[in-house]
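To start, the structure under review is shown below, and the notes come after it.
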Amino acid sequence: MIKAMALSTSRLSTETPLFQDLIADIRKGSIKIPQFQRKFVWKEEQAFKLLDSIKNNYPIGSLLVWRTSQKLAVERNIGNFKLPKTDDMIPTDYVLDGQQRITVVYSSLGAEDVSEGFSPGYDLENQIFVSLDENRSALVFPLRYAYNTTNLLDFRTSLLHSTQKHDLQSRLDELVAAFTNYRIPVVTLKDLSISEVCPIFERINSSGTKLSIYDLMVAATWSQNFDLNEQVDGIAETLKSKNFHSIERGTVLKCLAAVQFSSIKQDQILRLRELSREQMTELVGKTTEGLRQAVDLLSTEFGIYTWAFLPYEALLIIMCFVCAAESVRSNAQVTRARQWFWRSSFSERYRVGGENFVSKDLTDVQLFVSGNTKVKAEDFGNPPERDAWERLKFRSSNSISRAYILALAQMGPRNITNGALIDAAQALSTYNKKEFHHIYPKAFLKRNSSIIGERNALANICMLASSENGKISDNDPQKYLPDCISSLTLDAEAVFASNVLPSPSIHSYSSEVPYIQFLSERAGLISNLVIKLCEGNRA
């Protein structure tokens, strides 16, 4: 993490310029939007509210700009308006916070009347802001006339034809005065490095958007001819067929650093800026291939069909590193990869530890998968104790819950209601809670509050198609489960086994078996499955 540091007064200043001054700076190109800022996304309603606040002299917040002579390789225009090029020696003010507001102000007041983009007007009769695209009339004042004396006077004169001329002109004068006299606070950071800007952005930014290490790398792209965003988007696009195109862009950056430096520490990520365009192009190709193989392995061996279902980001980064170094193809290599994956997932190895911990595992996992005996499977963790499955709660955001569902999917589960094979790919691609079923329904357990045992325990969860889930609803399991067993006839044993459920020939589902006993029996079966997976075996 980048640490905050105190700034001297010479490196931080606050001014309150008029909108006219800001617009003049934008026109000459000394104010720009860096690439790491999101695009203009405000809707008209939001823009109108901002303009109304200005008209009423309400505060609209401050702008945060970073003044530096360091030119960022990729810059964005203000809204739809192309900004002029500037001399590399002239310091530039990059907008860190306030892009949406400054875009509305420039588009409303600074753009040419004929320019495309957001162009508001003020309806003097109804006293509201409107879009000129839909409301061109003699009583709607184009806001872009406010700083154009000729257009402003011509419009004001035209109001003399109205029976309400005095009221309309008075409203116009008040409007123009409000916009021409409005001052907005601008906080300027002067001559700070990229790493110094990051913590300041995070703390001051009113929108709550954090400036990540990826944003910094995009802003400080190492070559005028190399667009990091474009390259990372290209890598993500290659993973689309495996539903991994929504991969976090910061994760791709970590993969690049891992492949290049065998580390994902921040200082190593920042070193990527030192690579030439040719070196980066080569690295992108190598990382892309590593990610392709890693994603293929994650989907075929572990049933991970989408980025969103990955228990830990580190699992993909490490697997990418291993696959980029050597293909994981032999049975022995795949077995060891399974051992590492399941042990790391079920022991929640990457829940804490950070970049140093993951960086160390890069080489350790590679050595282990390649067969180096110095690294043991146990080094990556051990499966939970048997009784943990009775206590651990099912949560969609919980990594061990995801690993548990992946383990269930390894069994080729079938619906306990009709024996039909469950489409695990569909269930895991969407991670739809409706595809998972409380064997003892929560509502049933809540009604019978005297029943002992964790209602949301992982041992109480099985996979079930959403279409079948509704049929069971909150029914008594000692009634609906025997009905399921009866309708499945000879298939009952196989169907229950596919869901890691106690055998109907051993466990009496129709008798008064305590819920806590059911959890205990199933926890034993789950534990056996997880141990088997952690040993590198298939289910």
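Summary of computed values
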read-out: Some residue of segment 473-480 being closer than 22 Å to Leu529 by Cα and either in the same structural domain as Leu310 (by TED's automatic domain parsing) or buried (at least 21 other Cβ atoms within 10 Å of the Cβ) (or both); value: no
read-out: Matching entry among Ser396, Ser449 (being small (Gly, Ala, Ser), surrounded by fewer than 20 Cβ atoms within 10 Å (Cβ to Cβ), at pLDDT below 95 and within 21 Å of Asn243 (Cβ to Cβ)); value: Ser396
read-out: Condition met for Asn499 (free of Cβ contacts under 8 Å to residues at least 40 places away in the same chain, of a type in the set (S, T, N, Q), crowded, with 16+ Cβ neighbours inside 10 Å and under 14 Å from Arg414 (Cα atoms)); value: no
read-out: Residues of segment 376-389 satisfying the condition of being crowded, with 20+ Cβ neighbours inside 10 Å and out of contact with any Ser or Thr (no Cβ under 6 Å at 6 or more places or on another chain); value: Pro383, Pro384, Trp389
read-out: Residue within segment 189-205 that is within 25 Å of Gln20 (Cα to Cα), at pLDDT below 95, in a loop (DSSP other than H, G, I, E, B) and in contact with an Asp or Glu (Cβ under 6 Å, 6 or more places away or on another chain) present; value: yes
read-out: Residue match in segment 456-466 (condition: closer than 20 Å to His507 by Cα, touching a His at 6+ places or on another chain (Cβ under 6 Å) and of a type outside the set (D, E, K, R)); value: yes
read-out: Subset tally (residues that are out of contact with any strand residue (DSSP E or B) (no Cβ under 6 Å at 6 or more places or on another chain), surrounded by 13 or more Cβ atoms within 10 Å (Cβ to Cβ) and under 18 Å from Gln20 (Cβ atoms)) for segment 134-171; value: 7
read-out: Condition broken by Pro120, with the remaining ones in (1) closer than 18 Å to Asp52 by Cβ; (2) free of Cβ contacts under 8 Å to residues at least 60 places away in the same chain; (3) of a type outside the set (Val, Ile, Thr) satisfied; value: (2)
read-out: Qualifying residue in segment 407-420 (condition: touching a Pro at 6+ places or on another chain (Cβ under 8 Å), surrounded by 22 or more Cβ atoms within 10 Å (Cβ to Cβ) and either farther than 20 Å from Tyr480 by Cβ or modelled with pLDDT under 95 (or both)); value: no
read-out: Residue count, segment 92-127 (criterion: loosely packed, with under 14 Cβ neighbours inside 10 Å and either of a type outside the set (S, T, N, Q) or in contact with an Asp or Glu (Cβ under 6 Å, 6 or more places away or on another chain) (or both)); value: 4
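The values are calculated or read from the model by the stated rules, or taken from the named source; none is laboratory data. Just so it is clear, the structure is predicted and the values come from calculations on it, not from any experiment. As a convention, Cβ positions derive from the backbone with ideal geometry for all residues, glycine included, and neighbour counts pool all protein chains shown.
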